[in-house]
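The values are calculated or read from the model by the stated rules, or taken from the named source; none is laboratory data. All values reported here derive from a predicted model rather than from experimental measurement. FYI the Cβ positions are ideal-geometry reconstructions off the backbone, even for glycines, and counts take in every protein chain you see. Calculation scope for accessible area: heavy atoms of the full protein, side chains included, ligands and nucleic acids excluded. Shrake-Rupley method; radii C 1.70, N 1.55, O 1.52, S 1.80 Å.
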Amino acid sequence: MDTNQFVNRHVGISEADEKEMLKVIGVDSLEELIDHTIPTNIKLPKPVELPEPMTERELEEHILELGSRNKIFTSYIGQGWYDTATPAVIKRGVLESSAWYTSYTPYQAEVSQGRLEALFNFQNVVTDLTGLELTNCSLLDEATAGAEAVMLLHSERSRAKAKAKANVVFVDKNVFETTKAVIRTRAIPQGMEIVEGDWKSVEFTEKMIGAVIQYPDATGEVEDYKAFVEKAHAADIKVAVAADLMSLVLLTPPGEWGADLVFGTTQRFGIPMYNGGPSAGYLAATMAYKRVIPGRIIGLSKDAYGKPAFRLALQTREQHIRREKATSNICTAQALLATMSGFYAVYHGPEGLKTIAHRIHAYTGFVAEEIKKMGYKISNQNFFDTLTIEMAPAATVEKLREIALECNVNFFYRNDGRVSISLDETTMQSDLGVLLYIFSSAIDKEVTIKEDVCPKHVYFDKKFERTSEFLTNEVFNKYHTETELMRYIKRLERKDISLAHSMIPLGSCTMKLNAAVELITLSMPQFGCIHPYAPADQKEGYEELIDGLKKYLGAITGLPGVTLQPNSGAAGEYSGLRTIRTYLEKIGQGDRNIVILPASAHGTNPASAVQCGYKTVNVDCDEKGNVDWDDFMKKTEEYKDQIAAMMITYPSTHGIFETNIIDLCKRIHEIGGQVYMDGANMNAQVCITNPGYIGADVCHLNLHKTFAIPHGGGGPGMGPICVAPHLIDCLPQHCYGQPGYEGTEVAAAPNGSAGIAAITYSYIRLLGYEGLRRATGIAILNANYLACRFKDTYGIVYTGATGRVGHECIVDCRKLKDWCGCDENDISKRLMDFGYHAPTLSFPVHGTLMVEPTESESKEELDRFVEVMECIWQEMTEVAEGKADKEDNVLKNAPHPEYEIVADEWKHSYPRSKACYPLEYLRDNKFWINVARIDNGYGDRNLIPTYKCACD
Ligand SMILES: *Cc1c(COP(=O)(O)O)cnc(C)c1O
């Protein structure tokens, strides 16, 4: 094996293993297996054009070179992104720790207590600072959080308003441009009208249902909205407030002056700017919204013995179950970044945060005073960290800009001729000197800097001062030394199963290797300290990387128009449908309003379609799991003139390649519709076939599945969309630097989470065409190998025309209940005793486990997993044959927590060793769990989303 080639590090199967596995499957070569799996009429006729593969060493050099072409200027641009100091202990302990970044969304609560606690901390930070009672554990970014808030204003409007068909939302002109743009994109297909204006003079009308304002606003002004909110409420209008969390350390929180919803970003709580993302958006609400707030909420529940334990609460609200009735399509969010921001607050505590916020504010005030003396006019009466400045008579914006650039400093140059500056946590006394130098040089004066900033001085009106306490819970008041925080982080980490422990065989989620070398940019200031609105000549490295990535993704999908803006797969679905909508309007087909979906579609598909203003029509699946051709023809005939698009996952969520896919696409085109391919299963296609070749017009890719971005415990993600040439003009644009723009922006930043684009870029550069093709082939090999091994026990639900599966297989558990009384959920819990995370549970087929091994697992790991599943099969057989008790058995009582195993009293009918060491390998390497099975009802009946609620 050539260890210099990255493909041999990424792919877990050696050539010798491959031979043995092919023999088990009963084919002669990998190519033969591929031909059994993928219909030959869709195999690409020629290789995909990609650069030659690099070695790890070459890639590192290349990345360093790209980084050197990103210039780190001091950024005072603000507008939603601020430089921040990520505490090194969090960077090393979380961001760079494989256990944190490779874990899955915490659906299996018993092996996720660490990140659930970390995210619970995040929820407490948001609720305490905003002054509201409830929050989710992250959204994608500030702009989309704003759009989600507006959706709630609409869906939760009063009955009287609904009856009056009220649909107008007022948005203040001083909300960030990008937030306004995304709100518009999202609201218009819902039949809402967005009215922009000045909150001071707006007239509330009968038709108005909500108002969106910002605090402090985009010019930095802190306004007193109290009377405004009262007036709005009196007119049956709800108010959503965009708020900067750091400012809320010093300012009266919106929850205390009546806000119904508060949203924003937590970026400045320790997350680098990364040229726009990722960082965690947040949305806080009053308890009235608890059943409709989008995203995930962590609640405090209890385990089978009554011990407190965390779990995702009110899960049933999610799109997985609610589908077209879901309030939002959000699935992947920003878990890793929310985790980091939570730890940031834990590390600094309320006192530390006050010190930071006071310093930012005092420095800002000092700068304001000094430049006023020079003849500049400050537009702000009350401010926290942002000043909007009118030029002094002797200065011009051009001159100021020129001097600032000479000093490696960026300001925000507004369209109205004013300049805004935002200070942040990293601003130091020495920076103040540079700032004053720039402003004085622009009027040709010299200044002598007095260093007499009083770090506690407050420049805003007393009435804005926050008087309420926050972060009073113990967790925010005891881990302030590095030793303590390091151990707290480790303690939480030890409670969770991640890829650092074992294979996570989650079907549809593609939990493959996230190679360390692919992640190096995340820790490099050359990539972290770049503001998304920094001038292009300061980010040449980023530009090359982004352009390269778009080109590669276009080549891989066969769809050449690419945008990186969407921050998740579901956001990609929305963007893709929005692109189709724009296109149909353009060609005079805007009345088409139906999206058809196979019954097996992922829940985000119908949810996205509805968010985009479409109606959904389901098409049945036949007994083989394929789209039922007769039903498909019937529906496409019936709705012929109304169909805007078909959304289809390929290979299907049943894990198989339908043979008539080309005909399905043809038929949709015939009747004037567009084909949207959900690319979550691209790991079975890359470099063998592609959406463009098959006939799709649009697809999204889950870069956090197929393309090696780690899952992060539930995000970040990237869901770029790729489109055919006729749709390129209709792709979402970005408002920054485009006055008068009316586009369909779908995220806050022009390139979405640009900061993690380097991971996929690196993955593709390391593997090249041959390597990517091999990865796909081995993914298919591994899945078919497991399918063969499970065939005679559990059985596989669906196979393709030739009896093969794609890159995943659905393990049948539907008959177990009658046979032994155990079900797929018991198996999932029992797997934890073996140190494994469960496969995908009951999706897309109820009563099954969907297994996706990916190409990165070794044969040894696959064999161990089979051994474990066979051992569980034996345990079920014992129950079925009456050798084990129907209720008191290892499956029903799983997982077995450590505290139960070592308890003085052992109450079960089987020995302790059977509970915790069912296989020999466990004696050497046991993953100990510290909670028993968690009550899945309790958290919903008694939602406890914060420590404060827990104490009530
Ligand atoms: C994961 C997945 C999605 C949603 O992607 P997110 O990034 O979680 O929003 C959509 N469709 C399918 C088939 C998926 O597996």
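General observations
- Placed amide H near Thr616: partners under 5 Å, 5+ positions off or other chain: Val595
- Phi-derived couplings, Karplus 6.51 cos²θ - 1.76 cosθ + 1.60 at θ = phi - 60°, listed residue by residue for segment 266-280: 10, 3, 6, 8, x, 10, x, 5, 6, 6, x, x, x, 7, 8 Hz, with x used for Gly and Pro.
- Once the chain from Ala950 to Asp888 is taken as fully extended at 0.36 nm per residue, the excess over their C-alpha distance is 19.1 nm.
- Axial C-alpha extent at least 24 Å, average Kyte-Doolittle at least -1.0 - helices from the chain (DSSP): 113-130, 335-373, 540-557, 569-586, 754-790, 859-880
- Per residue accessible area in Å² of segment 462-573, where ligands, DNA and RNA are left out and the probe is 1.4 Å: 36 Å²
- For Gly210, the residues 5 or more places off, or on other chains, whose built amide H falls under 5 Å of its own are Phe170, Lys238.
- Cross-link reach list, aspartates and glutamates versus Lys43, counting only Cα pairs under 17 Å and skipping chain neighbours closer than eight places: Glu31, Glu32, Asp35, Glu658, Asp663, Glu770
- Cα centroids of segment 473-514 and segment 227-258: 35 Å apart.
- HN-Hα J in Hz across segment 800-808 - Karplus 6.51, -1.76, 1.60, θ = phi - 60°, x for Gly and Pro: x, 4, 9, x, 9, 10, x, 9, 8
- Distance histogram for the chain (every C-alpha pair counted, 10 angstrom bins, percent rounded to whole numbers): 2, 12, 21, 25, 21, 12, 5, 1, 0, 0
- Here the Karplus curve 6.51 cos²θ - 1.76 cosθ + 1.60, taken at θ = phi - 60°, turns the phi angles of segment 235-247 into couplings of 9, 6, 10, 8, 10, 10, 10, 7, 9, 8, 4, 5, 5 Hz, with x standing for Gly and Pro.
- Violating pairs (Cα-Cα greater than 32 angstrom) within the set Lys290/Lys539; Lys859/Lys914; Lys238/Lys307; Lys231/Lys478; Lys207/Lys615: Lys290/Lys539; Lys238/Lys307; Lys231/Lys478
- Neighbourhood charge, 11 Å Cβ-Cβ cut-off, centred on Ile648 and excluding it, Lys, Arg +1 and Asp, Glu -1: -2
- Ordered from largest to smallest accessible area (heavy atoms of protein chains, 1.4 Å probe), the residues Ser430, Ser98 come out as Ser430, Ser98.
- Across the accessible surface of segment 778-921, with the other protein chains kept in place and a 1.4 Å probe, carbon and sulfur atoms take up 46 percent.
- Inter-part distance where segment 585-658 and segment 674-708 are each reduced to a Cα centre, Å: 17 Å
- Entry note, segment 493-615: relative contact order of 14 percent, from Cα contacts under 8 Å with a spacing of 6+ residues.
- Segment 103-179, accessible surface, carbon-and-sulfur percent (1.4 angstrom probe): 49 percent
- Residues within the reach of a label modelled at Glu898 (point 7 angstrom out along Cα to beta-carbon, backbone nitrogen below 12 Å), restricted to segment 474-507, are 491-496.
- Compactness of segment 778-921, expressed as Rg and Dmax over alpha-carbon positions, Å: 15.7, 56
- Out-of-range pairs (alpha-carbon distance over 30 Å; input Lys180/Lys550; Lys163/Lys200; Lys512/Lys886): Lys512/Lys886
- Calculated FRET value between Glu482 and Ser430, using beta carbons and R₀ = 35 Å, to 0.05: 0.85
- Distance between the modelled labels on Ser913 and Thr802, one decimal in nanometres: 4.8 nm (7 Å Cα→Cβ projection).
- Cut-off 20 Å, label 7 Å out along Cα→Cβ of Val453, residues of segment 225-269 by amide N: 245-251, 268-269
- Residue-count net charge about Cys137 - beta-carbon cut-off 10 Å; Lys, Arg +1, Asp, Glu -1: +2
- Per residue solvent-accessible surface (Å²) - segment 659-760, probe of 1.4 Å: 22 Å²
- FRET efficiency estimate (nearest 0.05) - Cβ-Cβ, Gln738 to Ser14, R0 51 angstrom: 0.45
- Mean sequence separation of contacting Cα pairs (under 8 Å, at least six apart), scaled by the length of the chain, corresponds to a relative contact order of 20 percent.
- The helix-based estimate of mean residue ellipticity at 222 nm for the chain, built from -39,500 (n - 2.57) per DSSP H run of four or more residues and divided by its residue count, is -11000 deg cm²/dmol to the nearest 500.
- Accessible area per residue, Å², segment 778-921 with all protein chains present, probe 1.4 Å: 36 Å²
- Amide H partners (placed H, <5 Å) of Ala309, local residues excluded: Ser301, Lys302, Asp303
- For the pair segment 360-390 and segment 759-781, the centres of their Cα atoms are 53 angstrom apart.
- On the beta carbon distance between Arg414 and Tyr921, with R0 = 45 Å, the FRET formula returns roughly 0.10.
- Net charge over other residues, Cβ less than 9 angstrom from the Cβ of Gly12 (K, R count +1; D, E count -1): -4
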